[in-house]
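The values are calculated or read from the model by the stated rules, or taken from the named source; none is laboratory data. What you see is a predicted model, and the numbers here were worked out from it, not measured in a lab. Backbone-built Cβ (ideal geometry, glycine too); neighbour counts: all protein chains shown.
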Amino acid sequence: MNSIRCLAVWGWLVAPAVFALGHAGVCPDGSVFIVKKKVDAPCLRPKFVHESEIPPIRPELLPKPYSWYVDQEAKNPYNAYNLVDDAEKIRALREQQRTGVTPPTPVQPRSTLAETIAPTGRLSLEPAELNDLGLYIERIQRVVPAAFGSDRSESVTLQFAYSQAFEAHARDVFENDKAHYVVFMGRASGSAEFHPNFYVVQDSLTYRPDPNLAPESGILAGEAGALHSGDAVLGYFRVPGVFDFGQEIQLWWNDQRIEVVLAP
């Protein structure tokens with residue numbers, strides 16, 4: 001009995017010391033840290049809190065795959081890689097102003113992906129088919145849940161699904177028998193902005209469908225942009241055939257991510 005009491009007292013004395021080995025806190029930029037000593041906090045004016053009281057991390061501070069950063073940097077107009085093209089345009093403009101001769105417009109090479117999905121038509125569905133597709137996207141969520149804003153924390157609820165019938169139709173229209181197609185439906189519960197800014201990741205593979213190319217992405221019903229409460233939008237986007245829908249993939253929309261097996 002005495003030994004049991006000793007162990008209980010020892011455990012009570014040691015427990016605070018174990019927690020004292022680390023200090024959790026939040027920086028003014030919203031990032032969270034854990035350090036051994038308070039003086040090691042990685043920012044000025046940190047707020048130290050108990051580990052159970054750390055507030056939710058802002059989505060933009062969550063870890064993202066390296067390929068996501070590469071994609072974002074590729075679109076940065078101040079990236080040195082992009083400044084090379086801008087410098088050439090500026091030099092050509094100055095030369096035109098000096099000589100008065102308009103230089104020939106350079107032919108832009110098409111990307112490898114664009115070459116395999118040359119636009120040969122525009123995909124469209126009959127009203128009844130659109131209604132059936134919308135119902136399918138809603139009902140498949142019970143089996144394969146893939147949605148943003150399903151907890152009603154967002155003004156737009158966005159649902160994704162894989163339909164073999166739609167994929168067969170899209171492949172026929174765009175004459176591409178190797179591509180996959182994902183359909184999506186968005187519903188607004190308030191004023192919101194929606195743009196099909198999608199990004200797909202699977203292991204080392206990444207892909208961003210171009211919303212300006214019909215074979216890569218398109219709106220079947222409704223419109224992208226400003227949405228009001230009750231508005232709906234139905235659309236699709238292409239994913240290269242090298243992606244395996246039978247395995248888990250990441251679907252990104254803006255800075256949000258879900259992981260799903262679309263064709264289990």
Flag for V18 being at pLDDT below 70 and outside any loop (DSSP other than H, G, I, E, B): yes
Does R208 meet the test of being touching a helix residue (DSSP H, G or I) at 6+ places or on another chain (Cβ under 8 Å), among the basic types (K, R) and assigned by TED's automatic domain parsing to the domain that holds A128? yes
Within region 124-133, is there a residue that is outside any helix (DSSP H, G or I), modelled with pLDDT under 80, assigned by TED's automatic domain parsing to the domain that holds Q256 and in contact with a strand residue (DSSP E or B) (Cβ under 7 Å, 6 or more places away or on another chain)? no
With region 162-264 as the region, which strands (runs of 3 or more DSSP E) entirely inside it contain at least 3 residues that are more than 21 Å from Y136 (Cβ to Cβ) and touching a residue at least 24 places away in the same chain (Cβ under 8 Å)? 198-202, 205-207, 225-227
